[in-house]
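Everything on this sheet refers to the single structure shown next.
The values are calculated or read from the model by the stated rules, or taken from the named source; none is laboratory data. Since the structure is predicted, the reported quantities are computational estimates derived from the model, not experimental observations. Cβ coordinates were reconstructed from backbone atoms using ideal geometry, including for glycine residues, and neighbour counts include every protein chain displayed.
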Amino acid sequence: MLDIFGTSNRFCDGVSRRNFLKIGGLAMGGLSLPDILRAEAATSGVASTGGLLNPSQAGLGRKGIIMIFLPGGPPHQDMFDLKPEAPAEIRGEFKPISTNVSGIEICELFPQVAGMMDKFATIRTIVGSDGSHSSYWCNSGWNRRGGAPQGGHPAVGSVLSKLAGPVDRAVPPFVGLAPTMGHMPWADAGDPGFLGLAHAPFKPDGEGMKNMALNGITLDRLDDRKAVLTSLDRMRRDTDASGALDGIDAFTQQAFNVLTSSKLLDALDVEKEDPKLRDRYGRGSMDRVDDGGPKCLDHFLVARRLIEAGVRCVTLAFARWDWHGNNFGQGRAYMPMLDQALSALVEDLDNRGMLDDVSIVVWGEFGRTPRINSSAGRDHWPQVSCALLAGGGMRTGQVIGETNRLGEVPKDRPIHFQEVFSTLYRQLGIDVERTTIPDHAGRPQYLVEHRDLVPELI
């Protein structure tokens, strides 16, 4: 929850007289929002950016990224790299269908994506996974195991927060929508690494994100400025006459700006959308799938609303794709939901004239075994996986890379996770060959190690 009151010297109703600006729902790592703003200010300078000496010159503007993580490792050969000529124990139960791009076929459970395939690019030869069940690869492009600077490498959203800062001080530059999960490495919305908590994602939590409240004012009422001001006036009256509020510094004032601005909370409130558009995206559920993510189609719509409000990067996690058993039954349940929400997101961004400025990436941490196991499932397969991309000014309506006839390994064009990130940064106006950020020791760190681009996308 979002609670502007802290601890110690409590009133009879439990309200604190001191530290009342401690903000629960907006806090990260135990810090209050003012603490975070101070940390952000303390680390806002980039000592060596090379290709990004002035973020305003980098061409970022209102450009952004929506990172859609499929926790568990989606089956590439049952989604966007079907092998209809392979033996039955390899090809599985799903049939390929034609798309609106001649020569490209995808799974029959993605008819809406198929009808707008000209707006998507599929990479069938993603490599570089270390085989771990984590969103780390998909959020940063880096391997968590070994070779990292102290604190670790930052996620793409944290990099954008550092290099470009917020579009609006009342709207955080990086938002993570993944809620708590049974397997928490899947719920990691993006690790800020050596950049620190000042550049960690803002994570609204709770079902429907409606447990955020300001002294009893819930999300659906927070846009009522009169109610907000009444709440703040009551808080002021309840504090002692020692002049505590006179000592509020600039960072606390910024915290008030976030709290009393309707921009962020309006963006989180999908109830403000036309019901017809909500139906186009679908609703889904915040109920977790086993130890994975929720089937919340609203998150796709929230992501668009956040980007429109000025957020630079939104990460979300959809459902659970670790299908060691009943692969095809679970595919029939979740793939049509992904098809609906993803196609709606791309269509919506396009209709609003935002698609060229917003890059969308859909992927998981690895692929699945070519051979179907005795439980009608597929097991872990880090040798190759796939990605679906859209927007961001990228060249779409194409398939990049080809796996061998059984979908085991790349036949040509293996593309590392980091090459995708290099390309995404490039589309945002960031030169990965020149841009570095100093770590804790002052050493310049490149954004990625493999700085080759995916030229087919440019």
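With respect to the conditions (1) surrounded by 17 or more Cβ atoms within 10 Å (Cβ to Cβ); (2) touching a strand residue (DSSP E or B) at 6+ places or on another chain (Cβ under 6 Å), Lys411 lacks only one, and its number is (1). For segment 396-445, the set of residues classified as of a type in the set (Lys, Arg), more than 22 Å from the chain's Cα centre (by Cα) and under 21 Å from Cys138 (Cα atoms) consists of Arg413 only.
Taking segment 149-199, which residues are closer than 30 Å to Asp322 by Cα and acidic (Asp, Glu)? Selection gives Asp188, Asp191. Only a single item in (1) surrounded by fewer than 20 Cβ atoms within 10 Å (Cβ to Cβ); (2) touching a residue at least 40 places away in the same chain (Cβ under 8 Å) is not met by Leu345, and it is number (1).
The set of residues in segment 356-386 that are in contact with a Ser or Thr (Cβ under 7 Å, 6 or more places away or on another chain) and without any contact (Cβ under 8 Å) to a residue 60 or more places away in the chain contains only Asp379.
Filtering segment 264-299 to residues that are in contact (Cβ under 8 Å) with a residue 60 or more places away in the chain and part of a helix (DSSP H, G or I) leaves Leu264, Ala267, Leu268, Leu277, Arg280, Tyr281, Asp298, His299.
Every condition in (1) farther than 22 Å from Ser161 by Cβ; (2) touching a His at 6+ places or on another chain (Cβ under 6 Å); (3) not in a loop (DSSP other than H, G, I, E, B) is met by Gln418 except one, and the failing one is (1). Say whether the condition of being over 24 Å from Asp322 (Cβ atoms), modelled with pLDDT of 95 or more and either not β-branched (Val, Ile, Thr) or not in a loop (DSSP other than H, G, I, E, B) (or both) is met by at least one residue in segment 368-388. The answer is no; no qualifying residue exists. If the condition is being in a helix (DSSP H, G or I) and in contact with a Gly (Cβ under 8 Å, 6 or more places away or on another chain), then segment 423-458 contributes Leu424, Gln427, Leu428.
Residues in segment 82-104 that are basic (Lys, Arg) and either on the phi > 0 side of the Ramachandran plot or not in a helix (DSSP H, G or I) (or both): Lys83, Lys95. State which residue is nearest to the chain's Cα centre (by Cα) when the search covers only segment 363-377 and only residues that are charged (D, E, K, R) and surrounded by 19 or more Cβ atoms within 10 Å (Cβ to Cβ). Result: Glu365.
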